[in-house]
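Each remark here refers to the structure printed beneath this line.
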Amino acid sequence: MKIALGCDHRGFSAKERLKAALEARGYEVLLFGAKDASSYDYPDAAYAAARAVREGKANRGILLCGSGIGMCIMANKVRGVRAALCHDELTAEMARRHNDANVLCLPADLVGEELMRRIIDVWLKTPFEGGRHERRVAKIAEYEAKECEDKASG
C-alpha cells in the first residue's frame, strides 16, 4: 500500500518518525510538504497529498499539522477525498468503518507519538463497513459533484 504522508512545519518532526515506522511495516511512503522545521503553509502540503490520493498515486493519505484542523479542511476541498481528523483509536476506526475516510489528519501538537502510531494502525487496518454507510458515502460524492457542476456553470 502506498501512503501519501504530508506535513507543515508543525508536523515535520512527527512525520519523520512516522515515515520510518510506516516503512518498517512495509508501506511505501510518498512525502509531501515541509522538508524541515522551517515555516511551511499547510494548504500546499494537504493539497498535494490529497491530489495524490485522488489520482491513485497513493492508496491513502496521512496529514500532520499542529491541530490537524487546517489539513483536514484543505484535504476535503479535493474532489474524492474524505479526510477525517482523529484524536484516538475510536475516531480512526469510525472514520474508516462508517465514512470510508481515505485521508487521516492528525494533530501533531496535541497527540503523542505512541498514540499517533496506534491511531494510524487502527485506521490502516479497519475496512469500510459498507451497508447503510455506503449510501451515505455515495451521497457525499453526489453533493460534491453537484458543487463542482454549480461552480462550472457559474
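Since every read-out is calculated from the coordinates, none of them should be taken as a lab result. Note that the structure is a prediction, hence the values are computed from the model and not measured. So basically every Cβ, Gly included, is an ideal-geometry build from the backbone, and we count neighbours across all protein chains shown.
Against the criterion of being of a type in the set (D, E, K, R), crowded, with 21+ Cβ neighbours inside 10 Å and touching a residue at least 12 places away in the same chain (Cβ under 8 Å), Arg118 does not qualify.
Given the criterion of a type in the set (A, V, I, L, M, F, W, C) and part of a loop (DSSP other than H, G, I, E, B), identify the matching residue among Val53, Val122, Val81, Val137. Walk me through it before giving the result.
On the way: Val53 fails: part of a loop (DSSP other than H, G, I, E, B); Val122 fails: part of a loop (DSSP other than H, G, I, E, B); Val137 fails: part of a loop (DSSP other than H, G, I, E, B).
Selected residue: Val81, the only one of Val53, Val122, Val81, Val137 that is of a type in the set (A, V, I, L, M, F, W, C) and part of a loop (DSSP other than H, G, I, E, B).
Pairs linking a residue in segment 21-34 that is over 14 Å from Ile120 (Cα atoms) and in contact (Cβ under 8 Å) with a residue 24 or more places away in the chain to a residue that is acidic (Asp, Glu) and surrounded by fewer than 17 Cβ atoms within 10 Å (Cβ to Cβ), with Cβ atoms under 8 Å and 6 or more positions apart or on different chains, are Gly33/Asp44.
Quick check on segment 16-52: of everything there that is within 17 Å of the chain's Cα centre (by Cα) and among the aromatic types (Phe, Trp, Tyr), which residue is surrounded by the fewest Cβ atoms within 10 Å (Cβ to Cβ)? Out of the qualifying residues, it is Tyr27.
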